[in-house]
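J.: Let me begin by handing over the structure; questions about it come next.
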Amino acid sequence: MSITEYFQLVVSDYTLRTITLGTAVLGAICGMLGSFAVLRKQSLLGDAISHAALPGIALAFLITGAKDTNVLLLGALVSGLIGTFWIRGMITKTHLKTDTALGLILSLFFGFGMLLLTFIQKQPNANQAGLDKYLFGQAATLVEKDVWLMTTVTGICLVVLLLFWKEFKIMLFDADFTKTLGFNIRFIDILITFFIVLAIVLGLQTVGVVLMSAMLLAPAAAARQWTNRLSIMIFLAALFGAFSGVFGTAISASQNNLSTGPVIVLVAAVFVIVSFIFSPGRGILFRQLRFRKNRRDLKLQKTLQFMHSIAVNHENIKHPHAIKILNNFQGFTRKTLQKMEEKDWITITGQQWALTSKGFHKAENLYNQQLADDRTAD
Amino acid sequence: MEKIAVQVDDLTVAYNYKPVLWDIDLFIPEGVLMAIVGPNGAGKSTLIKAILGIIDPIAGSVSIYGKPYDKQRKLVAYVPQKGSVDWDFPTTALDVVMMGTYGSLGWIKRPGSKEKKAALEALEKVGMLSFKNRQISQLSGGQQQRVFLARALVQNASIYFMDEPFQGVDATTEIAIINILKELRKAGKTVIVVHHDLQTVPEYFDWVTFLNVKKIATGPVKDIFNDDNLTKTYGINYKVAINK
């Protein structure tokens, strides 16, 4: 099946449509909430939470003996939340730094989860097969019910986000100040963290505990490159996430033996790379180009200023001078002189140059001009 | 006698075991422009944060015009240290200043045209109106400090707490800021500033508190800003030229 066939099939094929919708919605909610994690500098919290969810899945299976997705995810939610509160407790109550607390909880919970998984696998019970799909995810197991759950959670999350937009924004930017205004920052904080945990748990079935944090971070990191507005950043992150879901599913469905979760994550990574290079404001490419252009402009301006310092000693500013006297000054080449003539700053006749009145004023105002440019840059 | 704007009783704050503030009693009269001075680690920022309820003290109480801070929030504005936030946050100067109005709006309600007008006026007052749509990371340190000041002005409070507003700003911005602070005092507001530059204390402020874990002294600059108190606070024989 080729990619085009896939997109034709999405319309008609029920299973494919369900999976595609599921991964798209998942990508959107992860991008949205991932923006908060990135802006709070809690990028790794997502990784720790998703790993911390694994023992919950195993324990839920051991207790109920059934593989009902909702029950397993409830177990994941509980153990993910426990992991989160332990991390926060460690950071506030001990001298441990954030990274240490995250690393500890991540490996401790993941190790315990793996232990339980291997224990379950050794059990004489045919029912246990397939629990390990939560490690790397298996989008093919998504059914309509799962998609409805994801959509409902995304909807609730969106409503809460719109309702508390102002509070989320100020809390993300300046928590201390928010507290002095009388907002309950603990409440806002718990609300954000709870939704992040919820999004992670929803994604476990599709992407798995190991790669889940990439779903949160990649769309948000890519979106940050394109805008300086929080609202647009969150919107773009949701969009990038949804596209990663759709394209990831498309690629994985059109090739045999490509697992969906990792492909989705790789597509999201492509969004990140493209954004880092090509975004106009913060991208590496345009920054480098701007940097080069600025250097060239500065060189011209330095030469102009040197000429100005000579010309200013003459009554007639347009009095010609030999190009030779510029030799004392390193900043010029034939090409720069030509450029300056093009800009109508100087005139060149034979081996002599003379400032034009435009060039003279330009040189006089160079410093002020720079300040003015700065102001009108918006 | 003047009204007491801020009263602090027996305030003690500790992180872990070591006390950062020890048994502070402080009266700040209404309408003063007060500097809090002391060496690094003296607890200057902590004092402000404890008064504003950002840090929970282990003992003591604070009152603003005779009532607890919770009841008087709208009378108080705060300028945190510039370094306490991430200036790469995706937002504009105007947006940051608007945040000063969030307290009076309360939960959920969004700022409208009235709040925007107030924010623009505050930006104009600090000379930053032409930068209103600038992303905050593209502002210089002095400009960022002015934006923070504008955010506090928008709060339209009676008492202003400022944590090192002169840190890392150039001479022009420093003069611009101090002029605004003096204007606030003229309008009858109380302004409390954590300050580092002892040389400028007599020129800028009329009230001063010496702090080094304990309160060393507090009162009018002309009465208590002397070598004796400086030495007690900084532990060395400190000499400054005081231009009375």
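The numbers here are math on the coordinates, done by the rules we state, and not lab data. What you see is a predicted model; the values in this text were computed from it and never measured. Using ideal geometry, Cβ is built from the backbone for each residue, glycine included, and neighbour counts are taken over all protein chains shown.
J.: May I ask for the angle, rounded to the nearest 10°, between helix A:54-64 and the longest principal axis of chain A, with both axes built from Cα atoms and the value confined to 0 to 90°?
T.: 20 degrees
J.: Next question. Which of the residue pairs A:293/A:358; B:44/B:232; B:49/B:125 have a Cα-Cα distance greater than 24 Å in the structure shown?
T.: Over 24 Å Cα-Cα: B:49/B:125.
J.: Cα centroids of segment A:208-243 and segment B:146-197: how far apart, whole angstrom?
T.: 38 Å
J.: If r is the Cβ-Cβ distance from residue A:122 to residue A:285 and R0 is 45 Å, what FRET efficiency results, to the nearest 0.05?
T.: Approximately 0.25, to the nearest 0.05.
J.: Could you size up the charge dipole of chain B around its Cα centre, putting +1 on the beta carbon of Lys and Arg and -1 on that of Asp and Glu, and report it in debye to the nearest 20?
T.: Dipole of chain B, to the nearest 20 debye: 720 debye.
J.: How many Cβ atoms of partner chains, on average, are near each residue of A:177-188 if near means within 10 Å of its Cβ?
T.: Mean inter-chain Cβ contacts per residue within 10 Å come to 6.
J.: For peptide B:99-111, compute the average count of partner chain beta-carbon atoms within 10 Å of each residue's beta-carbon.
T.: So the per-residue partner count for this stretch is 4.
J.: All other residues with a Cβ under 15 Å from the Cβ of residue B:35 taken together, and with Lys, Arg as +1 and Asp, Glu as -1, what is their net charge?
T.: Spelling it out: positives minus negatives among the neighbours equals -2.
J.: Work out from phi, with θ = phi - 60° and the Karplus expression 6.51 cos²θ - 1.76 cosθ + 1.60, the ³J(HN,Hα) of each residue of segment B:63-79, listed in order in whole Hz, and give x for Gly and Pro.
T.: For segment B:63-79, the Karplus curve yields 9, 10, 6, x, 10, x, 4, 3, 7, 10, 3, 6, 8, 10, 10, 9, 10 Hz.
J.: Sorted by average packing, counted as other Cβ atoms within 10 angstrom per residue and highest first, what order do B:82-93, A:275-286, A:344-355 take?
T.: Per-residue mean Cβ counts within 10 Å order the peptides as B:82-93, A:344-355, A:275-286.
J.: Give me the net charge for the shell around residue A:20: Cβ to Cβ below 14 angstrom, other residues only, Lys and Arg +1, Asp and Glu -1.
T.: Residues close to residue A:20 contribute a combined charge of -3.
J.: Would you calculate, for chain B, the mean residue ellipticity at 222 nm contributed by helices, counting each DSSP H stretch of 4 or more residues as -39,500 (n - 2.57) and dividing by all residues, to the nearest 500?
T.: -9000 deg cm²/dmol
J.: Please report, in debye to the nearest 20, how large the charge dipole of the protein assembly as shown is about its Cα centre when each Lys and Arg carries +1 at its beta carbon and each Asp and Glu carries -1 there.
T.: It works out to roughly 1140 debye.
J.: Let me ask something additional. So for the pair residue B:25, residue A:323, with labels modelled 7 Å out along Cα→Cβ, what separation do we get in nm?
T.: My value for the distance between the label points is 8.4 nm.
J.: A follow-up question, please. Which of B:63, B:158, B:137 moves most in a GNM of chain B, Cα contacts under 10 Å?
T.: Taking springs between Cα atoms under 10 Å, the residue moving most is B:137.
J.: Let me ask something additional. Taking just the C-alpha trace of segment A:3-282, give me its Rg and Dmax in Å.
T.: 18.7, 60
J.: Which angle from 0 to 90°, rounded to the nearest 10, does the C-alpha axis of helix A:3-12 make with the longest principal axis of chain A?
T.: Rounded to the nearest ten degrees, it is 50.
J.: In segment A:127-161, whose amide N lies under 13 Å from the spot 7 Å out along Cα-to-Cβ of residue A:71? List them in ranges.
T.: From segment A:127-161, the list is A:127-128.
J.: Taking 0.36 nm per intervening residue step and subtracting the Cα-Cα distance, what contour gain separates residue A:366 from residue A:148 on full extension?
T.: Residue separation times 0.36 nm, minus the Cα-Cα distance, leaves 72.3 nm.
J.: GNM, chain A, Cα, under 10 Å: largest mean-square fluctuation among A:218, A:52, A:322?
T.: Looking only at A:218, A:52, A:322, the biggest GNM fluctuation is shown by A:322.
J.: Averaged over peptide A:228-236, how many Cβ atoms belonging to another chain are found within 10 Å of each residue's Cβ?
T.: Mean partner shielding for this stretch: 3.
J.: Continuing with this model, one more query. With springs only between Cα atoms under 10 Å, which of A:180, A:20, A:141 fluctuates most in a Gaussian network model of chain A?
T.: So, out of A:180, A:20, A:141, the one fluctuating most is A:180.
J.: Now, a different point. Residue B:108 label point, 7 Å along Cα→Cβ, cut-off 17 Å on backbone N: hits in segment A:178-202?
T.: The answer is A:183-184, A:187-188, A:191, whose backbone nitrogens lie closer than 17 Å to the label point.
J.: Can you tally the net charge around residue B:97? Count Lys and Arg as +1, Asp and Glu as -1, for every other residue whose Cβ sits under 11 Å from the Cβ of residue B:97.
T.: Once positives and negatives cancel, what remains is +1.
J.: Using Cβ counts within 10 Å as a stand-in for footprinting exposure, how do A:343, A:41 rank, fewest first?
T.: Least to most surrounded, the residues fall as A:41, A:343.
J.: Taking every eigenvalue of the Cα gyration tensor of segment B:92-204, multiplying by 5 and rooting it, what semi-axes result, largest first, whole Å?
T.: The equivalent ellipsoid of segment B:92-204 has semi-axes of 24, 17, 11 Å.
J.: May I ask which residue of A:190, A:119, A:171 lies farthest towards the positive end of the charge dipole of chain A, with charges of +1 (Lys, Arg) and -1 (Asp, Glu) on Cβ and the Cα centre as origin?
T.: Among A:190, A:119, A:171, the one farthest towards the positive end of the dipole of chain A is A:171.
J.: Using just the helices of chain A, give the 222 nm mean residue ellipticity in deg cm²/dmol: DSSP H runs with n ≥ 4 each add -39,500 (n - 2.57), and the total is spread over all residues, rounded to 500.
T.: -24500 deg cm²/dmol
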